[in-house]
Amino acid sequence: MQAIILAAGLAKRLRPLTDTRPKCLLEVGGKNLLHRTMDNVIANGITNFVFVTGYRENMIKDYLKEHFSHVNIQFLSNTDFANNNNSYSLWMTKNFITKDIILLDSDILFDKGIIKSLLDSEHENCLAVNFETELDEEQIKVVLDENKKILEISKITDLKKSSGESIGIEKFSFDFMQELYKVLERKIIHERNVNEFYEKSFEEVIQRNNNERNSIYAIDVSHYKCMEIDTAEDYERAKDMQI
């Protein structure tokens, strides 16, 4: 199992907090988000990482080399991070994945039990969903069938049809990733579509390939604490979250 961690973004909405450091190096409860993420992934037995960095990337690389030299980390540099989105960063990992993966962004404060829930699932492809959060237009929402199979996943999904929020942590098989990379390759290389959330491509894979191998299921992690930090208000709330 490998972990892909995307940490290239500018985090404009968190300025001035991110004027001099990347978002993942913001501290919450005496430990920064990056350190917390690494601890949580390693605690679940994963020690093989692929990092995509961009904004102030040397700060991230230096921190990881100082504190996590005992694990295997491959660094990829998204040099045009100011003009693309996380789908581009994910596409960059295509030649570095050799097995099943855990995928997550670097700006999530979460309980390590969420990753264990995904790893323990019988489903090859699944993602963590909070079914108890109050949904709004900003969240990545999911529409499910009666077996909790993902039918739609996006910000623009109808609130009335949505079952919960995808919190941004996924488990995918190597085979699923190959299908996903094909979609990303077409969009990025042929269509020049570099500024899209990767969930759009998840949705295309599951809707275009209507078979079990490419299905994604929702795993209920509502009982675990978790939040994505996008704004200064989020950051203040995160400081009160005991994890």
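The table below gives the values:
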{"item": "Length-normalised contact order of the chain in % [C-alpha pairs under 8 Å, at least 6 apart]", "result": "25 percent"}
{"item": "Region 197-234 and region 115-160: distance between their alpha carbon centers, rounded to Å", "result": "5 Å"}
{"item": "Lysines with Cα under 22 Å of K160, excluding same-chain neighbours fewer than 8 positions away", "result": "K141, K148, K149, K200"}
{"item": "Span-like helix ranges in the chain, DSSP H, alpha carbon extent 18 angstrom or more, Kyte mean at least -0.5", "result": "none"}
{"item": "Cα pair distances in region 113-189, grouped into 5 Å bins until the bin that holds the longest one, percent each", "result": "3, 14, 21, 22, 20, 13, 5, 0"}
{"item": "Dimensionless Rg/Rh of region 1-123 - Kirkwood Rh, Rg from C-alpha atoms", "result": "0.94"}
{"item": "Fewest-first sequence of H190, H67, H123 by Cβ atoms within 10 Å of each Cβ", "result": "H190, H67, H123"}
{"item": "Over region 5-72 - Rg/Rh using Cα atoms and the Kirkwood inverse-distance radius", "result": "0.96"}
{"item": "Charge dipole (debye, nearest 20) of the chain; +1 at Cβ of Lys and Arg, -1 at Cβ of Asp and Glu", "result": "680 debye"}
{"item": "The chain: antiparallel DSSP beta bridges as a percent of all, rounded to 5", "result": "50 percent"}
{"item": "Table column - 3J(HN,Hα) (Hz), region 160-168, Karplus curve with 6.51, -1.76, 1.60, x for Gly and Pro", "result": "5, 8, 6, 9, x, 9, 6, 8, x"}
{"item": "Viscosity 0.890 mPa s, 25 °C: Kirkwood-radius Stokes-Einstein D of the chain over Cα pairs, µm²/s", "result": "136 µm²/s"}
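Every number here is computed from the coordinates shown, using simple stated rules; none is lab data. This is a predicted model, so every value here is computed, not measured. For neighbour counting, all protein chains shown are included, and Cβ atoms are generated from backbone atoms with ideal geometry for every residue, glycine included.
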